[in-house]
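So the structure is just underneath, and the comments pick up after that.
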Amino acid sequence: MNPNSPILGIDLGTTNSLVGVVDSGFPILLADENGSRSTPSAVCIAQDGSISVGAVALRQRALHPTRTITSVKRLIGRRPGEAGWTPPYSLSELKTSPVEVSAEILKHLKAVAEHALEQSVSQAVITVPAYFNDAQRNATKRAGELAGLEVLRILSEPTAAALAYGLDKLSEHQKIAVYDLGGGTFDISVLEMHDGTFQVLSTAGDTQLGGDDIDRLLAEFIAQKLNLPPHDIRVLEASEAVKKRLSTDDTASFNGLDITRADLEKIARPWIERTRIHCLRALSDAGVKAEQLDEVILVGGSTRMPLVRDYVREIFGREPNTSQNPDEAIALGATIQAGILGGSLRQVLLLDVTPLSLGIETFGGLMNIIIPRNTTIPAKAGEMFTNAVANQDSMLIRILQGERELAKDNWELGRIEVPFPSGPKGSARVGVQFSIDADGILHVLARDTATHQDTTLQISGTAVDVEDERVEQMISESVDFAFEDMNERIWTEAKLKAEELLPAVDAALDQLADAISAEEKSAVVSQAATVRVLLAATDHDAKALKAATQLLDEATQSLAVMLIDRAMEESLVRRGLV
Ligand code: ADP
Ligand code: MG
């Protein structure tokens, strides 16, 4: 076995199968000699025992319907009759089995890959529906082995789709739904993502619902209008072509008949509406409300239909994520998993600069940047902090990532509690150091300089490995909100200052009650009142608060001068010098 040979990612679909590989750090799907990246999951066993696979096999269907095997995935790992579906062929008469037929499809995909890569391959990751039981998974694995592939992992299709959508790279905890409408089956799964691993919370669906049903109904519609036999395979194939065209065009024609998207939608709607109940069931089984989902992703060729997208939007009350090619997402995810297993994907995941700033939350909820964005790694930087309140005996350090001025708008990567001896405000000295090593791991060290006690935290990956899209979003938000953010920062700083000044002013006025004129006093009192009114206002007028606080600060300074003068005077009087 060649240790350098790549691991294949395979979507062994009911209708179509695809194969991919990570090449130079990028997952790509491989095309056959005709340039097609998708192989129909069809196998034709001719009278003489010769076997054809894919588009070639499908072309035999019209001539040899009982010798052309399609949708064998519905039968794999099941006992006879268990599938609840009667195929138009008999595997026993053809002296074959679902595992052997699947092995033929896999052999074909292996050959497509070997031809494209000009090298032999022997290992693969293969996807199966989330609801496949042990018997079905084992049968799929056996099919791989029979095709000469060591199956390193059997991966659930919705998990593969989530990988393709890059959802594993988001740092936080997410819940997602994967709506997969293929050729013959509908699957809906709810997944939970935690630290880059997925758990399928629930799965539901209909194994007899898919694009084929729509093709059949459209064929009946067309056949009736054109007076053709409705079950003719050519009418059926033409109907599929018309249906696909109507995903992008408003009309399509066949034999002089114009068919509009509205015609198709009228036919398809009742079928598509049947997916609703399964979606609701999956949500309720998972104990998740539609609005709690972070993403709804679309998978399967039939989700290219605008009607399906509209309907999914209606069911989940949100815009579905369509950033990936729906009929390639599962194969792409299998390929990504293969790349991760083979170690060839690490390269692309690790960038060598920090995509976003790293810092900590400071008093007042502001972001204090320690390592700015775009710093090349490895990198190290630190700052000294003190206690903002007297008699504090610990400080909570929240480690943040992002470009926003307020801590709450950035992402929290972790938190550590640093203990120190309690004392007056400003007495503690806590040094915080961030260092990112060459592997992108962020080490946070907090040291109380008095006791030399260290508290440390390690944050792996997330400091450097952030999905491009999220980085862009964070940066564009920081630009969009620059004005409001800056306003909030000025406000918070002025507020902290005001909160420090107001008690000092009150104390000084008390002590100087008899030493200053009524006018002086009322000027200071009214300035303090202005600050209090601005502080209490909900509209956060940062400029006004800053100006008013500055005036109060000046007034306080003159009070402080007066207090000093008065103290000197008293001391001179006491010493009998005046
Ligand atoms: P499976 O998972 O069952 O192997 P696929 O995800 O490959 O299936 O989906 C195949 C189905 O998608 C077929 O019914 C096909 O007609 C349909 N399909 C593919 N492209 C389009 C399109 N552009 N518009 C509508 N349906 C499409
Ligand atoms: Mg599929």
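The values are calculated or read from the model by the stated rules, or taken from the named source; none is laboratory data. Just so it is clear, the structure is predicted and the values come from calculations on it, not from any experiment. Quick reminder, even Gly has a Cβ in these numbers, built from the backbone with ideal geometry, and neighbours come from all protein chains shown. Side chains included, ligands, DNA and RNA excluded: accessible areas come from the protein's heavy atoms. Shrake-Rupley method; radii C 1.70, N 1.55, O 1.52, S 1.80 Å.
What to note about this one:
- Identity of the residue in the range 1-24, out of contact with any Leu (no Cβ under 8 Å at 6 or more places or on another chain) and open to solvent by less than 40 Å² (accessible area, probe 1.4 Å), that ends up farthest from residue 180 (Cα to Cα): 5
Residues are listed down the side, and each one gets a yes or a no for (1) under 15 Å from residue 182 (Cα atoms); (2) crowded, with 16+ Cβ neighbours inside 10 Å:
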| residue | (1), (2) |
| --- | --- |
| 275 | yes, yes |
| 291 | no, no |
| 309 | yes, yes |
| 313 | no, no |
| 316 | no, yes |
| 319 | no, no |
| 323 | no, no |
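- Selection of the range 25-51 for residues being open to solvent by 20 Å² or more (accessible area, probe 1.4 Å), touching a residue at least 24 places away in the same chain (Cβ under 8 Å) and assigned to a loop (DSSP other than H, G, I, E, B) yields 31, 32, 33, 37, 38.
- Within the range 200-227, if we keep just the residues that are of a type in the set (Asp, Glu) and within 40 Å of the chain's Cα centre (by Cα), the residue that is farthest from ligand 1 (Cβ to nearest atom) turns out to be 206.
Per-residue answers, yes or no, for (1) more than 23 Å from the chain's Cα centre (by Cα); (2) within 13 Å of ligand 1 (Cβ to nearest atom):
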{"site": "262", "(1), (2)": "yes, no"}
{"site": "265", "(1), (2)": "yes, yes"}
{"site": "285", "(1), (2)": "no, no"}
{"site": "291", "(1), (2)": "no, no"}
{"site": "301", "(1), (2)": "no, yes"}
{"site": "310", "(1), (2)": "no, no"}
{"site": "321", "(1), (2)": "no, no"}
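- From the options 246, 209, 226, residue that is of a type in the set (A, V, I, L, M, F, W, C) and within 30 Å of residue 286 (Cα to Cα): 209
- Any hit, the range 102-123, residues being touching a helix residue (DSSP H, G or I) at 6+ places or on another chain (Cβ under 6 Å), modelled with pLDDT under 95 and within 24 Å of residue 208 (Cβ to Cβ): no
- Unique residue being outside the structural domain of residue 372 (by TED's automatic domain parsing), surrounded by fewer than 17 Cβ atoms within 10 Å (Cβ to Cβ) and either assigned to a helix (DSSP H, G or I) or at positive phi (or both) when the list is 469, 554: 554
- The single residue among 505, 524, 533 that is open to solvent by 50 Å² or more (accessible area, probe 1.4 Å), of a type in the set (Val, Ile, Thr) and assigned by TED's automatic domain parsing to the domain that holds residue 491 turns out to be 533.
- Qualifying residue in the range 277-287 (condition: in contact with a strand residue (DSSP E or B) (Cβ under 6 Å, 6 or more places away or on another chain) and open to solvent by 60 Å² or more (accessible area, probe 1.4 Å)): yes
- Within the range 228-249, considering residues that are within 42 Å of the chain's Cα centre (by Cα) and not in a helix (DSSP H, G or I), the one nearest to ligand 2 (Cβ to nearest atom): 247
- With respect to the stated conditions, residue 303 is of a type in the set (Ser, Thr, Tyr), touching a residue at least 12 places away in the same chain (Cβ under 8 Å), more than 22 Å from residue 469 (Cα to Cα) and not assigned by TED's automatic domain parsing to the domain that holds residue 451.
- So residue 53, is it under 28 Å from residue 233 (Cα atoms), at pLDDT 95 or above and within 16 Å of ligand 2 (Cβ to nearest atom): no
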